[in-house]
Amino acid sequence: RKEVEQDPGPFNVPEGATVAFNCTYSNSASQSFFWYRQDCRKEPKLLMSVYSSGNEDGRFTAQLNRASQYISLLIRDSKLSDSATYLCVVTFTGFQKLVFGTGTRLLVSP
Amino acid sequence: GAVVSQHPSRVICKSGTSVKIECRSLDFQATTMFWYRQFPKQSLMLMATSNEGSKATYEQGVEKDKFLINHASLTLSTLTVTSAHPEDSSFYICSARDGSNEQFFGPGTRLTVL
């Protein structure tokens, strides 16, 4: 079983739609959680950290459920510029090793 | 955020040659740098963790004699792919960690081995 699993998609949505991505992780010792965004042939960029209390940054909301080992990302009012691959990432003690999911591809169309 | 550069951005080489990739933290000192590899439609996989002034720690399945890592200063780490073969063709990305523990990624190097 992969350490971090994501639905690869693609998710095809129209502009303005709300879309949600899910991610599960297998190691209960995972300590920190993030969503990264990766554009085609580019490096990943940190989108937001994920906390148990949930956190929101503009149109983006992230949630963590430690009991179910589940992380989610909600994007409201999708923009064309949101088209990218969204990577779920977990780390362990000491923030040393980032473990990436395979990513979920989002395509927002006019 | 902090800036990390990689050079070259793209390299094409013949099978059997060695290729060196540089990773630099431009505006901060990085005691730890990381090297990842990403094959098409796959996730980034950590290859090794590089600590300044000491030997790199390689992930399981990564050949340390094939992927030579040197972290000679707080702003530079290099990855040398020795005797490259077509199966080594991939997107190699480095990251550097600043004092806040956030990792900043370089723009990546696309290696094509013919």
If I measure Cβ to Cβ between cysteines in the protein assembly as shown, which ones have no partner under 4.7 Å?
A:CYS40, B:CYS13
Cut-off is 10 Å between beta-carbons; in what order do A:THR18, B:THR32 appear when sorted fewest neighbours first?
A:THR18, B:THR32
Electrostatic dipole magnitude of region B:26-114 [Cβ: Lys, Arg +1; Asp, Glu -1; Cα centre; debye, to 20]
160 debye
Between the DSSP loop rule and a limit of at most 12 other Cβ atoms within 10 Å, which GluC sites (Glu not before Pro) in region B:61-114 are left?
B:GLU63
Dimensionless Rg ratio for chain A, taking C-alpha atoms and the 2.2 N^0.38 Å reference
1.02
Would you list, by chain and number, the lysines whose Cα falls below 26 Å from the Cα of B:LYS55, excluding same-chain residues fewer than 8 positions away?
A:LYS97, B:LYS20, B:LYS64, B:LYS66
In region A:26-57, whose amide N lies under 19 Å from the spot 7 Å out along Cα-to-Cβ of B:ASP27? List them in ranges.
A:43-47
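Values in this text are rule-based calculations from the coordinates and carry no lab data. The shown structure was predicted, so the numbers you read here are calculated from the model rather than taken from an experiment. Note: ideal-geometry Cβ built from the backbone for every residue, glycine included; neighbour counts use all protein chains shown.
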